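A short write-up of the structure that comes next.
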Amino acid sequence: MRPIRDILEAQSVVVIGASRDQEKPGAQLLKVLKDVGFAGRVAGVNPQGGNVFGVPLYPCVRDVPFEIDLAVLLIPPRFVPDALRDCAVKGVKGAVISAEGFAETGTQGATYQEDVRAILKSSGMRGFGPNTLGLVNTQTKLTTSYFANSQMLASGHIGFAAQSGIFVGALLRYLSSLTGLHLSKGIGLGNKVDVNESDALSFLADDEQTKIIGLYLEDVKDGGRFVKNLKKATARKPVLIIKSGRTQAGAKASATHTASMAVEDSVFDGIVRQAGAIRLHAIDEFVRTLKGFLNMPLPAGDRLAFVSYSGAQAIMSIDTTIEQGLQAARLADATQARIGRVIATSSKTKNPIDIFPDWLTHGYEKTITEVVKALLDDRGVDGIVFISFAEANPEVYQSLVNVVQADRRKPVFVSLLGDSLDKAACERLLDAGGLPCFDFPEQAVRVFARMRQYAKRIKGTE
């Protein structure tokens, strides 16, 4: 079976269903490939020939005068089998089938999908979908999404595969709009007529550009192969999984979405734990966890220290710490003495450290710098959560960024509360400096817990 790397690293793309109407998806995809800088050969297929955006259109894929690595089929389901047969004759390596209307819609659609499966199997061509926007490779600027843009093709380290259609494109556009959360590779699985989650895991585990893997799944095709490939992947890099269909109603909805067969949720949970992956239940959790893994070192232990202007938020955070199976760090006497240089009240030099009102005396930047440096040097502290408020002038946090950038021994997270516009400005500065910023400290604690879970997994202590 041909490896999917051959398709993800395609050097030639043909769009089947490329209209001469510049507003239609096929024409738009040809324009996108030019705009984002894809350097490979590109052509379109249209029965009437011609050209669009300066790209030649040929009546049939067999008429294209160069070898084709990847065909993107933007045509209705009833035309897909014949188009794939032409692709097989041409020797196309792989195909992305974008249309919906296959097995998820009923008997006729299921017949089309079985025809597609048979053609792919007999020809050796690899197929993505149907019901997917397909592929992204930010190294080569390959995309099969007609609403991609240059921002989405900015090079990053997140490898993402999803059993969905347009959701993949929407999520990737959102991630790429956030500082530091750019993609390495994106793989749309859709109905998984051929390429499935196990293929994607195997590829992303081996991909040097990918530092962390994300999966969105509704079911699993081959449980044994999935577990094997998931274990292989988690031994090399973190794997974050969102699986929907956790409830009976959700499972029923997934059957009409991508023709999925439900997997007992408790069984899936066990598989994920056994393999050492991290399961999440929502996109916001996924994004926050990405921030932690991509920007911070893995924690060496489970002891957290808190620096706060507010006793209330710190106490709630410690409750979450204990609930997550972590510990509130006990600070060394030497650490408390160092903190005492800028915090006059001795009780406030213990964990959680309360910097108010002392920062009014010593200055905010000096106070937070001294406190964080002391905690980074304390061997009894494995991570730091800095709880503060959103300043109108975000530059006050630059000194904190500088301290953390200079000392990467431990994960440090920031939580800011306050005016939404001020917070957005502060968060941009912190994120640009590689310092993850969250709305609430409990979120930071949960991210730390997931990172600790993975750290224990790769050391074989879980």
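The values are calculated or read from the model by the stated rules, or taken from the named source; none is laboratory data. For clarity, every value in this text was computed on a predicted model and none was experimentally measured. So basically every Cβ, Gly included, is an ideal-geometry build from the backbone, and we count neighbours across all protein chains shown.
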Where a residue in the range 274-297 is touching a residue at least 24 places away in the same chain (Cβ under 8 Å) and among the hydroxyl-bearing types (Ser, Thr, Tyr) and its partner, wherever it lies, is surrounded by 21 or more Cβ atoms within 10 Å (Cβ to Cβ) and in a loop (DSSP other than H, G, I, E, B), with Cβ under 9 Å and at least six apart: 289/238
Checked the range 342-358 for anything without any contact (Cβ under 8 Å) to a residue 24 or more places away in the chain, out of contact with any strand residue (DSSP E or B) (no Cβ under 6 Å at 6 or more places or on another chain) and surrounded by 14 or more Cβ atoms within 10 Å (Cβ to Cβ); matches are 349, 350, 358
Could you grab the pairs with beta carbons closer than 9 Å, sequence gap of 6+ or different chains, first residue in the range 16-31 and within 19 Å of residue 132 (Cβ to Cβ), second one surrounded by fewer than 24 Cβ atoms within 10 Å (Cβ to Cβ) and of a type in the set (Asp, Glu)? 16/86
Suppose the filter is at pLDDT 95 or above, surrounded by 15 or more Cβ atoms within 10 Å (Cβ to Cβ) and assigned by TED's automatic domain parsing to the domain that holds residue 157; does residue 241 pass it? yes
Can you find a residue that is part of a loop (DSSP other than H, G, I, E, B), β-branched (Val, Ile, Thr) and over 27 Å from residue 26 (Cβ atoms) anywhere in the range 151-174? no
Would you check if there is a residue in the range 301-324 being part of a strand (DSSP E or B), at pLDDT 95 or above, within 28 Å of the chain's Cα centre (by Cα) and in the same structural domain as residue 237 (by TED's automatic domain parsing)? no
Any idea which residue in the range 151-168 is surrounded by the most Cβ atoms within 10 Å (Cβ to Cβ), counting only those that are of a type in the set (A, V, I, L, M, F, W, C) and over 13 Å from the mean Cα position of the chain (by Cα)? 153
Return yes when residue 321 is under 24 Å from residue 435 (Cα atoms) and without any contact (Cβ under 8 Å) to a residue 40 or more places away in the chain and no when it is not. no
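For (1) outside the structural domain of residue 193 (by TED's automatic domain parsing); (2) within 20 Å of residue 137 (Cβ to Cβ); (3) touching an Asp or Glu at 6+ places or on another chain (Cβ under 7 Å); (4) surrounded by fewer than 20 Cβ atoms within 10 Å (Cβ to Cβ), each residue gets a yes or a no:
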site	(1), (2), (3), (4)
27	no, no, yes, no
32	no, yes, no, no
45	no, no, no, no
56	no, no, no, yes
59	no, no, no, yes
64	no, no, no, no
67	no, yes, no, yes
Take residue 49 and tell me if it is at negative phi and either at pLDDT below 95 or of a type in the set (Gly, Ala, Ser) (or both). no
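Results for (1) within 19 Å of residue 1 (Cα to Cα); (2) among the aromatic types (Phe, Trp, Tyr); (3) loosely packed, with under 15 Cβ neighbours inside 10 Å, shown as yes or no for each residue.
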position: 77; (1), (2), (3): no, no, no
position: 82; (1), (2), (3): no, no, yes
position: 88; (1), (2), (3): yes, no, no
position: 98; (1), (2), (3): no, no, no
position: 105; (1), (2), (3): no, no, no
position: 112; (1), (2), (3): no, yes, no
Taking the range 40-65 and the residues there that are more than 22 Å from residue 128 (Cα to Cα) and assigned to a loop (DSSP other than H, G, I, E, B), the one that is nearest to the chain's Cα centre (by Cα) would be 53
Could we say that residue 392 is more than 16 Å from residue 308 (Cβ to Cβ), among the aliphatic types (A, V, I, L, M), surrounded by fewer than 16 Cβ atoms within 10 Å (Cβ to Cβ) and more than 30 Å from the chain's Cα centre (by Cα) here? yes
Determine whether residue 194 is crowded, with 17+ Cβ neighbours inside 10 Å, among the charged types (D, E, K, R) and touching a Lys or Arg at 6+ places or on another chain (Cβ under 8 Å). yes
State which residue is farthest from residue 403 (Cα to Cα) when the search covers only the range 418-431 and only residues that are surrounded by fewer than 22 Cβ atoms within 10 Å (Cβ to Cβ) and touching a helix residue (DSSP H, G or I) at 6+ places or on another chain (Cβ under 8 Å). 422
Regarding residue 148, is this residue surrounded by fewer than 22 Cβ atoms within 10 Å (Cβ to Cβ) and either in a loop (DSSP other than H, G, I, E, B) or modelled with pLDDT under 90 (or both)? no
Only one of 401, 414, 371 is in a helix (DSSP H, G or I) and within 19 Å of residue 445 (Cβ to Cβ); which? 371
Failed criterion for residue 127 (all others in (1) at pLDDT 95 or above; (2) surrounded by fewer than 24 Cβ atoms within 10 Å (Cβ to Cβ) hold): (2)
Quick check on residue 338: is it more than 20 Å from residue 414 (Cα to Cα), of a type in the set (Lys, Arg) and crowded, with 19+ Cβ neighbours inside 10 Å? yes
